[in-house]
Structure formats: C-alpha cells, structure tokens
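Worksheet: the structure to be examined is printed underneath.
Where a number appears in this text, it was derived from the coordinates with a stated rule and is not lab data. Quick caveat, the model's predicted, so the values are computed rather than measured. When we count neighbours, we look across all protein chains shown, and the Cβ atoms used for this are built from the backbone with ideal geometry, even at glycine.
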Amino acid sequence: MVKVITYGTYDLLHRGHIRLLERAKALGDYLIVGVTADDFDKTRGKINVQQSLMERVEAVKATGIADEVIIEEYEGQKIDDIRRYGVDIFTVGSDWVGKFDYLREYCEVIYLPRTEGISSSELRQSRRAVSLGLVGDADFLNKIEQESRFVNGIHVAGICTRSLKSLSAEIQGLDFVTENYEELLERVDAVYIRSQPEEHYKQVKLALERGKHVLCEAPTALSESQCRELQALAAEKKLVLMDAIKTAYATAYARMLLLLKGGKIGQIVSVDATCTSLRDASAQEPAEAGRHWDGVYEWGTTALLPVLQLLGPDYRSKNCAVRWLDAEKQHDSFLKADFVYPHAVASIKAGTGVKSEGELVISGTRGYVYVPAPWWKTDYFEIRYEDPNQNRRYFYQLDGEGIRYELVAFAKAVETGRQSYAVDPTCSAAICRFMEDFCAGRDLIEI
C-alpha cells in the first residue's frame, strides 16, 4: 500500500483545496492530511486564519477524500510523521517548490500544480475590510497603523489626534487626518482608541452611540460603573467593545493561562508581575508629562492582567504604595500594589520612572511558572518543579509586539458578530475599579 501525506491550513475550504486533495489521493492508496494548528500557522505568518482548527479539520473530513486527518503542531513534525506513518510520498502545492526538498531523504517528494484563480488569502481579502479610525496619541498610533498592514480585514481609513507633528510620513498620507473626533466617526466602521485615559469613557460612549465598534486601550473608563455602562450599551447595540491589552492576545500568554487553569502547577498561591520602563519622566515638566500615560495606566493594566485572570476580581484586601512625579500628585512614576485573596496573594509593580526586572512568577502547590523579562511580550515560559527533570519549556512565536494579534481578534469579532474575549467583561471592570480606587486615593500610601 502506497501512503501519501500532505499538509495545509484549509481555511475557508474551496475548490482549489479539493482539487489538490484529489490529486494527492490519486498518487497512492492511502491519504493522510495534516491540518496546521492555529499556533503553528502564526509562526508561518498566517495570523488571520478565519476558521478555528476544529472547523478546518471537520471541513477536510467532510470532503471524504482523506483516509486520515492529523494536526500539525510544531516545526519538524513532517519528518516525525513520515517515519511514524511509514509514508511513501510527501506532496504539496507547487507554490512551495524546493521548500521541502530536504524530505527526499525520507520519502518521495512531489509538488502538485495549484488550481489557478482562487486561494484562501484572496477570499479573505475579498471580504469587506473593517474601516478603522485611530484616535489619540500619535506616537503609539504610528505602531497601530504599521501593524494593521499585516492583517486582512482591517483598513486604517483615518486618524484623529492633537499631535499631528508626531505622525509618521505613512500615516500622514492617510485619506483623512483630523483633530475632530465626530468627523472621524462619520467616516469609519470602528475606532481604535489610545487617547488619555480620562477621555476614554466619553469617546467610547460616543462611538457606540454612533453604531461604531470599539477597540480601546485599557482602561476603557476610570470607574467600574462607567465600564459596566459601556459594556451594556455595546451589548444593546450588538457592537464589539474590546480591551486592547496586547499581552492578552499573545499565544504564549494564552497557552500559559490554559495550562495553569488545568492544574499544571496545582493550586495557585501567589502571582507576582512586574512591568516597568524608563522614559526619563523626572526630567519632564508636569504639563509635558501629561502628554504621556502615567505608570498606573501605562503598565498597571498589563500587570493586573494575570492577577485578575488567574485569581479573579474578588480580592479580600489591597494596598498600594505610590511614588509621585510631581508635587501636585497628578502623575505617578511607580506603584506597588499587594492583594490578599481567600487562598492566595498577588503583587504588581508598575511604573515609567523606576526600572526593575520585568518578570512574571506564578507559584503553586506543585510547581511554579517563570516568564522572563519582558514577560508581557514573551514567546517563551517555563514550568518548573521540585524535580528539575520534570521541568518544561514552552516556545511560541510572537511577531512584532503582539498588536497585530489583537487587531485580528477584533476584525474577526466584527465580521462574525461573535466576540471571543481575551479580556472578559468582568476582568475589564475590575481593572477600571482599580483605577477608580487609585484616582480617589483609596488604599494608597505615598513613598
């Protein structure tokens, strides 16, 4: 019996895929089809696959062409599969000519001609892109515009900012650049908001009232009640409202959460997260410093993320030590917050005027997780045990800073109407509650 194996994403399965599978089946007696997992696709640059892994697997099975369907999850798996299944022929489309010649050492390699005039990428691109407006601080929005170029389904149509001189040449060339937020809303389907946090509530609310989807840098508001109000408004109008905390959309971070919630280190007893950076904030006048996000906003939301997602929003008590940048106590440069839960504790450090090791350590009753600096954009973490022979390392590629992944999630939520929360509404509200307490000076100690 001649065994044939082929691999593909099979996103939005079309007649080109089916013809290729038919040709592959005709090469032998038994066809094995490898469907690439979401995470492995990301390492190959396919970050905006429209269908889930299971949807794609079921679509391939439904053709009735494959005798066996497997999942491709890691680099080098093709050699392992060829050996494991006793494969005689490896085949793939002709657009990969030469790429898999190294497999000739293990089996015959055949490149098949593809069906002209159709591809999954073309199908994705042919769908109407979300017209996105960017709002707020120009320096950061330059990054958003650059990352959006990697995402099918997103088209940056305009920008609203008060710092026009800080725009890159590319973003200055957009069709619509304005300082008038309402004018921008008239021209777009959705907005990405990165203005000063004090402006978020009004801007998000106005966008939702105008029927626009919103991706907003956390916090979405500076009080829990305002956050809940915005969530209710989005639900009422069937609009997408998502928190833009890029770490939450990174593959490594998401996988880490799944492993921990599955009991990989036993019961979680402690979470310690540090997020700091230096921008020479002490050299700025307070008015100038106001152009930037303070430490609590810049890093506090990210540092809070693993605490709230692993231990929940219902801590028993908290206290927060803060170092102020100015005499008026309007701008902080560093904070350390400690939380006590019924069965666990947590600590975060966040700031833009103090530098520390940006690591994440999660302690459990069976072992612990160590994520090296900068943990918020890691592609790697370790699970460590008392017996070092049981230690495991996990690697997942992270392209750019992870911004493109949240743009992909946002575009998919807008297109499908099904919002998959990387930051769920309860977590978002808890972040806003923390900010509300901080702004009111509750549980605050000066250092």
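Our summary of shape: the Cα atoms of the range 251-397 have principal axis extents of 52, 36, 22 Å, ordered from largest down, in whole angstrom.
Here the chain carries DSSP beta bridges of which approximately 40% are antiparallel, counting only pairs with both residues inside. Placing unit charges on the Cβ atoms of the charged side chains and taking the dipole of the range 251-397 about its Cα centre, the candidate lying farthest along the positive direction among Val354, Pro372, Leu257 is Leu257.
Against the main long axis of the alpha-carbon atoms of the chain, helix 53-62 sits at an angle near 20°. In the chain, the longest principal axis of the Cα atoms and the axis of helix 403-416 are about 70 degrees apart. Cysteine residues of the chain whose C-beta has no other cysteine C-beta under 4.7 angstrom: Cys107, Cys160, Cys216, Cys275, Cys320, Cys427, Cys439.
Comparing mean-square fluctuations of Lys143, Lys99, Lys25 from a GNM of the chain with C-alpha springs under 10 Å, the top value falls on Lys99. Assuming charge only on the beta carbon of Lys and Arg (+1) and of Asp and Glu (-1), the dipole of the chain about its Cα centre is about 860 debye to the nearest 20. Please work out the Cα center distance from the range 408-446 to the range 348-362, rounded to the nearest Å. A separation of 20 Å, based on Cα centres.
In the elastic network of the chain, a GNM with C-alpha springs shorter than 10 Å, the most mobile of Asp294, Asp332, Asp95 is Asp95. Using Cα springs under 10 Å in a Gaussian network model of the chain, which residue among Leu185, Leu278, Leu310 shows the largest mean-square fluctuation? In the Gaussian network model the winner is Leu278. Both radii are taken from the alpha-carbon atoms of the range 123-247; with Rh as the Kirkwood radius, Rg/Rh is 0.95.
For a straight C-alpha distance cut-off of 12 angstrom, the aspartates and glutamates reachable from Lys336 (same-chain residues fewer than eight places away being disregarded) are Asp272, Asp443, Glu446. Here's the list of aspartates and glutamates a cross-link from Lys3 could span, going by alpha-carbon distance under 13 Å and ignoring same-chain residues fewer than 8 apart: Asp29, Asp67, Glu68, Asp81, Asp88, Glu108. Basic side chains Lys and Arg get +1 at the Cβ, acidic Asp and Glu get -1 at the Cβ, and with that the dipole of the range 303-395 about its Cα centre reaches some 60 debye. The alpha-carbon positions of the chain define a convex hull whose volume is 166 Å³ per residue. When the C-alpha to C-alpha distance is required to be over 22 Å, the pairs from Lys202/Lys412; Lys329/Lys349; Lys261/Lys349; Lys329/Lys355 that qualify are Lys202/Lys412; Lys261/Lys349. Computed from Cα atoms, the angle from the helix 251-261 axis to the main principal axis of the chain rounds to 80 degrees. Counting only residues at least eight positions apart within a chain, or on another chain, the lysines with an alpha carbon under 25 Å from that of Lys264 are Lys42, Lys246, Lys377.
At full extension, Ser270 and Ser225 could sit 13.3 nm farther apart than now, given 0.36 nm per residue minus the alpha carbon distance. Ordered by the number of other Cβ atoms lying within 10 Å of each residue's own Cβ, fewest first, Trp96, Trp324 fall into the sequence Trp96, Trp324.
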